[in-house]
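Some notes on the structure that comes next.
The values are calculated or read from the model by the stated rules, or taken from the named source; none is laboratory data. Owing to the predicted nature of the structure, the values given are computational and were not obtained by experimental measurement. All Cβ positions, even for glycine, are placed from backbone atoms using ideal geometry, and neighbour counts span all protein chains on display.
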Amino acid sequence: MENTDKQEGKVSSWCIISLASIPLVMTLGNSMLIPVLPILEKKVGISSFQTSMIITSYSVAAILLIPIAGYLSDRIGRKKVILPCLILALIGGLIAGFASWKLDDPFTWIIIGRVLQGVGAAGAMPIVLPLVGDLYKDDDEKTSSCLGIIETSNTFGKVLSPILGSIFAALLWFLPFFSISFFSLISIFLIFFFVKAPKETDEPVKLKIFIQNVKKTFKSEGKWLFTVFLNGIFVMLILFAMLFFLSESLETIHDIKGIKKGFVLAIPLLSLCISSFITGRNIKGNLKTIKRMMILCLITTSISVVFVGFTKERLILLLVVTSIVGIAIGALLPVLDAIITENIRKEERGTVSSFYSSARFIGVAAGPPIMALVMKNYLNLSYIIGGILGLILLFLVIKFINIEKIENKKSST
C-alpha cells in the first residue's frame with residue numbers, strides 16, 4: 001500500500017503538464033505550418049506538391065525511427081530517449097528557420113531541418129503513451145484519464161496551430177520554424193525538472209528474448225493490434241488531408257487569408273479538441289465502452305467525410321461538416337491510445353505503442369500529398385473512397401476486437 005501511495009505521489013500535476021507539453025509541441029511543429037503553406041509556395045517559389053513535402057518529410061522521418069525509439073525506451077528508460085529527441089527537434093527548427101531567413105533557395109535545407117524535427121518527434125511523442133502506463137501501473141481508470149489529457153493536449157495543439165502559424169507568418173513568414181525551437185526548449189525544461197520516471201528494479205531482458213516476446217505479443221494479439229494500427233493511419237490521413245484541402249480552399253475559393261484564415265481553420269479543430277477531452281475523461285479503461293466508441297466514431301467519420309468536397313463552395317456548411325468529422329476523430333483518438341496502452345505488458349509497451357504511433361504518422365505523411373494530387377480533378381471521389389475505407393475498418397473492428405479475449409489475455413499476464 002505504501003509503495004502504491006509513493007508511486008501515485010510521483011504523478012504530480014506538473015508531471016502531467018510536462019508530459020502533455022510534448023504532444024502539444026510536436027503537434028505545433030507540424031500543424032502550425034499548414035496555414036503557412038500557401039505563403040511558402042510564393043516565398044520559396046515551389047509547387048503545391050513540394051509544400052506538402054514539408055509536412056511529409058517530418059512524418060516520414062518519424063515513421064522510420066519511432067519503432068527504434070520505442071525499443072530504446074523499453075531498454076534504457078523513457079526519459080533518456082525523450083530529452084535528446086526534444087533537443088533534435090529544437091535544432092531542426094533552427095536549421096529550417098535560418099535557411100528560410102538567409103538563403104536564396106532554402107527548400108533543401110528546410111527539408112533537412114524538418115527531417116531532424118521528425119527524428120525528434122519519433123523519440124518524444126510516442127514515448128509519452130507508455131510512460132503514462134508506467135506511472136499509473138495497473139490503474140486503468142487513471143491511465144485512461146491521463147491519456148485523455150495527453151490526447152487533448154495533442155488536439156489542442158491542432159487548434160492553436162493555425163492561429164499561431166498565421167500570426168507568426170504575418171510578422172515574419174519564416175517565424176513559425178523558429179517558434180518550434182522555442183516551444184521545444186520549454187518542453188525540455190519541463191521534462192527535465194518535473195517528470196520522475198519510475199525506477200526500474202528488474203534487469204532489462206536480453207535483446208534476443210525481447211524480440212521473441214514482441215513476436216509472441218504480435219502473434220497472440222496481432223488481429224486487434226493491427227486493426228487499431230489501421231484506425232490510427234485512417235484517422236490521421238483523413239484529418240491531415242482535410243486540413244490541407246481546407247487551408248487551400250479558404251484562400252482560393254473564399255478569399256480568407258492570414259490571421260482570419262487561422263481562426264477559421266481552428267473551428268473544426270476546436271470541435272476535435274473538446275471531443276477528445278470529454279471522451280478521455282469518460283471511457284475509464286472500460287473495453288466495452290472503448291469498442292462502442294470505435295464503432296460510433298467510424299460510422300460518423302465515414303458518413304460525414306463524404307460531404308466535405310460537396311460543400312466546398314458553401315463556407316458554413318463546409319465548417320459544419322468538417323467539425324462533425326473533427327468530433328468523430330477527436331473521440332476516437334483517446335480510445336485508440338487507451339486500448340493500446342492498457343492492454344500490452346509493460347516490457348513491450350514502448351515498442352508496441354511506438355508501432356501504433358508510427359502508423360499514425362503514416363496517415364499524417366500521406367494526407368497532404370495525396371490531397372495535393374487529387375484536389376483538382378478527383379476531390380469528391382477521394383472523400384467517397386475515404387468513407388468506404390472507414391466502413392471497411394468498421395467491419396474489422398466488429399470482427400477482430402474481441403473484448404472477452406483481450407480481457408482474458410490481460411488477466412492471465
* Taking only pairs six or more apart or across chains, which ones have beta-carbon atoms under 7 Å, a first residue in region 109-127 that is part of a helix (DSSP H, G or I) and surrounded by fewer than 24 Cβ atoms within 10 Å (Cβ to Cβ), and a second residue that is modelled with pLDDT under 90 and not aliphatic (A, V, I, L, M)? -> Ile111/Ser57; Val115/Ser57
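Any idea which residue in region 265-282 is farthest from Trp224 (Cα to Cα), counting only those that are of a type in the set (A, V, I, L, M, F, W, C) and crowded, with 22+ Cβ neighbours inside 10 Å? Outline the logic, then answer.
The first filter runs over region 265-282 and keeps only residues of a type in the set (A, V, I, L, M, F, W, C), leaving 265-267, 269-270, 272-274, 277-278.
Right, trim to crowded, with 22+ Cβ neighbours inside 10 Å and you get 265, 269, 272-273.
Values: Leu265: 34, Leu269: 28, Leu272: 25, Cys273: 26 Å.
So the residue we want is Leu265.
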* How many residues are modelled with pLDDT under 95 and buried (at least 19 other Cβ atoms within 10 Å of the Cβ) when one looks only at region 312-325? -> 1
* To do: Being surrounded by fewer than 21 Cβ atoms within 10 Å (Cβ to Cβ) and of a type in the set (Val, Ile, Thr) is the filter; apply it to region 80-94 and report the residue that is farthest from Leu131 (Cα to Cα).
  => Ile91
* To do: State whether one or more residues within region 55-73 are among the hydrophobic types (A, V, I, L, M, F, W, C), in contact with a Leu (Cβ under 8 Å, 6 or more places away or on another chain) and either under 17 Å from Leu239 (Cα atoms) or surrounded by fewer than 19 Cβ atoms within 10 Å (Cβ to Cβ) (or both).
  => yes
* If Ser73 passes every condition in (1) within 19 Å of Ser358 (Cα to Cα); (2) under 18 Å from the mean Cα position of the chain (by Cα) but one, which one does it miss? -> (2)
* Asked: Quick one: how many residues across region 54-91 are more than 16 Å from Ile191 (Cβ to Cβ) and either basic (Lys, Arg) or not in a helix (DSSP H, G or I) (or both)?
  -> 1
* To do: State whether the residues of region 14-30 include one that is touching a Pro at 6+ places or on another chain (Cβ under 8 Å) and either at pLDDT 80 or above or within 24 Å of Ile87 (Cβ to Cβ) (or both).
  => no
* Quick one: Ser276 ticks every box in (1) more than 18 Å from the chain's Cα centre (by Cα); (2) of a type outside the set (A, V, I, L, M); (3) more than 13 Å from Ile163 (Cβ to Cβ) except a single one, so which number is it? => (1)
* Which numbered condition Lys196 misses (of (1) of a type in the set (Lys, Arg); (2) within 27 Å of Ala96 (Cα to Cα); (3) outside any helix (DSSP H, G or I)) -> (2)
* One residue from Ile340, Ile327, Ile316, Ile344 being over 18 Å from the mean Cα position of the chain (by Cα) and part of a helix (DSSP H, G or I) -> Ile316
* Asked: What number of residues within region 283-311 satisfy the criterion of being surrounded by fewer than 23 Cβ atoms within 10 Å (Cβ to Cβ), outside any helix (DSSP H, G or I) and at pLDDT below 95?
  -> 3
